[in-house]
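Down below is the structure, laid out as structure tokens.
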Amino acid sequence: MKKVKIGIIGYGNMGVSHVDHVMDGKVPGMELGAVCDIDVDRRDALVKKYPNIPVFENYEDLYKSGLCDTVLIAVPHYDHPTMAIKAFEYGLNVIVEKPAGVYTKQVKEMNEAAKKSDKLFGIMYNQRTNPVYQKLRKMVQSGELGHIKRITWIITDWYRPQAYHDSSTWRSTWKTEGGGALINQNPHQLDLWQWMFGVPDRIFAKVSFGKYYDIEVEDDVMAYFEYDNGTTGEYITSTGEAPGTNRLEIACDMGKIVIENNRMTFKRNVISEREHNKINTEPFDTPECWNCEIPVSFSGGEQHIGIMKNFTAALLEGKELLAKGEEGINGLTISNSIHLSAWTGETIDVKNFPDDKYYELLQEKIKNSTVVKKVNKVVADTTGTY
């Protein structure tokens, strides 16, 4: 293989960006083979912009065409696993947009199909390219922070007004989107959480559905995470706060790390708090603490382009994938656990997540939906976007 020939399924907001990135030569070693979209206006827009690119209405027709060896699936969430499984059957490499799917049972089927194939499977977790989060992950894995006591992430800068929810018929319903803030805006943060700290063992959550907007899905979330090693976590998110906050705080034996405004600060203890506690004899004495500047780029990384570059390098040069598709189940399990806890009032055993129970309750939500959306402008949106 000299070049990766990619087909992009879904020419919506994210699909347009992906097409432009490839066509503008921002992904060396990758060329655009074809595009698929069910909406005629979007297909016409593509033909007008890129008249030499083959366009399909049906994704299976693109799969059969032989024009591509890889597909990037950027369609509504429920369809990610279905289209990925079919792509593996046609012998294609696959990148899926976030989230991996809507419910764990569905995503496990996709992961099994990927395992049975010999094809490369990636997911568009572009936040993994951010040097700040990469640096924090290395610090956690190296053990230099000591035991992590508490993790708090306040991520409320996802403000989305009613006009956003009304902008497309597929948004903000159980039937068509499968959730709200957790399934649309937050998959990146939930992935980063598990990527840096691991999947929690237990989750308890309080969630508001349609608190700020005329929608049936969640727009305000407070979740409490527990780990068997004693680490606790708080995850707070909302689409109804303006201005919002994006602040990640990690309290550990060696001090405290804060990431905010894409910058990392480290208040580093000279000795660990646990060691200080053993040797200290003064009632109010605290460990000596230094304000340390962490040498890390604050650029935000290459984001979507970086994921596509990495995937291309993995295919052409055998490099390791930064975002493996199979790992999409981890963040989704956290998301599903938060939903399930809110629906049942129970603390959820995440490591033994009840896939069938979640699926059954989700089907009830879909069946009993009573929200009538006031759509100001119907958009045939075929991609999962922020």
What FRET efficiency comes out for Thr82 versus Leu316 if R0 is 30 angstrom and r is the Cβ-Cβ distance? Round to the nearest 0.05. 0.60
Working note, the stretch 89-169: Cα radius of gyration (Å, one decimal) and Dmax (Å, whole number) are 18.2, 48
Just the accessible area per residue of the chain, please: how many Å² with a 1.4 Å probe? 44 Å²
Under 13 Å between alpha carbons, and skipping anything fewer than 8 positions from Lys149 in its own chain: which aspartates and glutamates qualify? Glu226, Asp228, Glu234, Glu249, Asp253, Glu273
At 0.36 nm per residue, minus the direct Cα-Cα distance, what do Ser299 and Thr232 gain on full extension? Give it in nm, one decimal, please. 21.1 nm
Can you give me the distance in nm between label points at Cys289 and Lys26, each placed 7 Å from the Cα along the Cα-to-Cβ direction? 4.0 nm
Pairs from Lys116/Lys367; Lys116/Lys319; Lys105/Lys367 whose Cα-Cα separation, in the structure shown, is over 26 Å: Lys116/Lys367
Taking amide H atoms as placed 1.01 Å from N in the peptide plane, list the residues 5 or more away in sequence, or in a different chain, whose amide H sits under 5 Å from that of Glu234. Ile151, Thr152, Trp153, Phe225
Degrees separating the helix 355-367 axis from the principal Cα axis of the chain, which is the longest one: 60 degrees
When only C-alpha pairs under 8 Å and at least 6 residues apart count, what is the relative contact order of the chain, in percent? 22 percent
In whole Hz, what ³J(HN,Hα) sequence does the stretch 142-155 give by Karplus (6.51, -1.76, 1.60; θ = phi - 60°), x for Gly and Pro? 6, x, 5, 8, x, 5, 8, 8, 8, 10, 10, 10, 9, 10
When the accessible area of the chain is split by element with a 1.4 Å probe, what percent falls to carbon and sulfur? 48 percent
Hz values of 3J(HN,Hα) by residue in the stretch 258-267 - Karplus curve (6.51, -1.76, 1.60), Gly and Pro given as x: 10, 10, 8, 6, 6, 10, 10, 10, 10, 8
Suppose the chain between Glu282 and Thr245 were pulled fully straight at 0.36 nm per residue; how much longer would it get relative to their current alpha carbon spacing? 9.6 nm
Full extension between Thr176 and Lys351 adds, at 0.36 nm per residue less the Cα distance, a length in nm of 60.3 nm
Would you mind checking the tilt of helix 104-116 against the longest principal axis of the Cα atoms of the chain, expressed as 0 to 90 degrees and rounded to 10? 70 degrees
What is the set of long-range amide H partners of Phe56 at a cut-off below 5 Å, with H atoms built 1.01 Å from backbone N? Val35, Cys36, Asp37
The stretch 172-260, relative contact order in percent, only Cα pairs under 8 angstrom and at least six apart counted: 21 percent
Can you work out the Karplus-derived ³J(HN,Hα) for every residue in the stretch 175-189? Use 6.51 cos²θ - 1.76 cosθ + 1.60 with θ = phi - 60°, whole Hz, and x for glycine or proline. 5, 9, 10, x, x, x, 4, 6, 8, 9, 7, 9, x, 5, 5
Counting only DSSP beta bridges with both residues in the chain, tell me the antiparallel percent, nearest 5. 65 percent
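The values are calculated or read from the model by the stated rules, or taken from the named source; none is laboratory data. Just so it is clear, the model here is predicted, and its values are computed rather than measured. Cβ coordinates were reconstructed from backbone atoms using ideal geometry, including for glycine residues, and neighbour counts include every protein chain displayed. Side chains included, ligands, DNA and RNA excluded: accessible areas come from the protein's heavy atoms. Shrake-Rupley method; radii C 1.70, N 1.55, O 1.52, S 1.80 Å.
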